[in-house]
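The values are calculated or read from the model by the stated rules, or taken from the named source; none is laboratory data. Here the structure is a predicted model, which means the values were calculated and not measured. Here the Cβ positions follow ideal geometry from the backbone for every residue, glycine too, while neighbour counts run over all protein chains shown. Areas reflect the complete protein model, heavy atoms only, side chains present, ligands, DNA and RNA absent. Shrake-Rupley method; radii C 1.70, N 1.55, O 1.52, S 1.80 Å.
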Amino acid sequence: MLKIFPIIFPQYIAFLREQHIPITQNSQRRNDIPDYLALKDTFSLDIIEIKKPLYQVLRNGLYRGNYVLGQELQGQITQAQKYLYNLTRWGRKGEEKLTEKFIKFTKEPTLKSYIRNPKAILIIGRSNCINDEQLRDFEILRQKHEDIIDIITYDDLLKRMQRVQKMRTNPNSIWNKN
């Protein structure tokens, strides 16, 4: 999955797997461990969480005439929001520690990392099994969170990869212009 990310999201230049983010909760120290920390070409950081495709993005049935997020997706949104909160609280100390790790990983000694208003990308579930009405409600729910979390289904990833492939092989594509 990580191999296709730079193609679909070219703004990311490096990734750290399961980086520990230290936090103190109820006077006990522990770590948050997101799946990936992603470094943008602007050197700011985002979080990527990859979950199983089998999770339902919407609950079965209607709630007062509306389709609502599935329980697993709601939990993952909360988890991602906590990761973002704790990453931001880590502040300059975190920036220094992560800069060291990214330098080791990329071998670029001038690289820096900044924790400035990070976002999360949450890859979860499938959308090919929901009807048009459910898809409209799902899109409303997705847009509600898009200022901090991009919710992407596996079917969305597949469509994006197909579009990229089509652009690369189409002779009239902007990629094939001199």
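Among the residues of region 54-87 satisfying the criterion of being open to solvent by 70 Å² or more (accessible area, probe 1.4 Å) and either in contact (Cβ under 8 Å) with a residue 24 or more places away in the chain or among the acidic types (Asp, Glu) (or both), which is nearest to residue 21 (Cα to Cα)?
82
The rows are residues; the columns are (1) in a helix (DSSP H, G or I); (2) under 19 Å from residue 46 (Cβ atoms); (3) free of Cβ contacts under 8 Å to residues at least 40 places away in the same chain; (4) under 17 Å from the mean Cα position of the chain (by Cα).
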| residue | (1), (2), (3), (4) |
| --- | --- |
| 121 | no, yes, no, yes |
| 126 | no, no, no, yes |
| 130 | no, no, no, no |
| 133 | yes, no, no, no |
| 140 | yes, no, yes, no |
| 143 | yes, yes, yes, yes |
| 159 | yes, no, yes, yes |
| 168 | yes, no, yes, no |
| 172 | no, no, yes, no |
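Within region 90-115, how many residues turn out to be in contact (Cβ under 8 Å) with a residue 40 or more places away in the chain and under 19 Å from residue 35 (Cα atoms)?
Matching residues across region 90-115 total 10.
In region 1-53, how many are under 21 Å from residue 78 (Cα atoms) and either open to solvent by 90 Å² or more (accessible area, probe 1.4 Å) or assigned to a loop (DSSP other than H, G, I, E, B) (or both)?
The qualifying residues number 14.
Tell me whether region 166-177 contains one or more residues that are surrounded by 14 or more Cβ atoms within 10 Å (Cβ to Cβ) and out of contact with any Gly (no Cβ under 8 Å at 6 or more places or on another chain).
No, region 166-177 contains no residue that is surrounded by 14 or more Cβ atoms within 10 Å (Cβ to Cβ) and out of contact with any Gly (no Cβ under 8 Å at 6 or more places or on another chain).
In region 20-57, what residues are modelled with pLDDT of 85 or more and closer than 17 Å to residue 125 by Cβ?
Residues satisfying the conditions are 35, 48, 49, 50, 51, 52, 53, 57.
Can you find, within region 91-114, the residue that is modelled with the lowest pLDDT among those that are open to solvent by less than 30 Å² (accessible area, probe 1.4 Å) and either aliphatic (A, V, I, L, M) or in a helix (DSSP H, G or I) (or both)?
111
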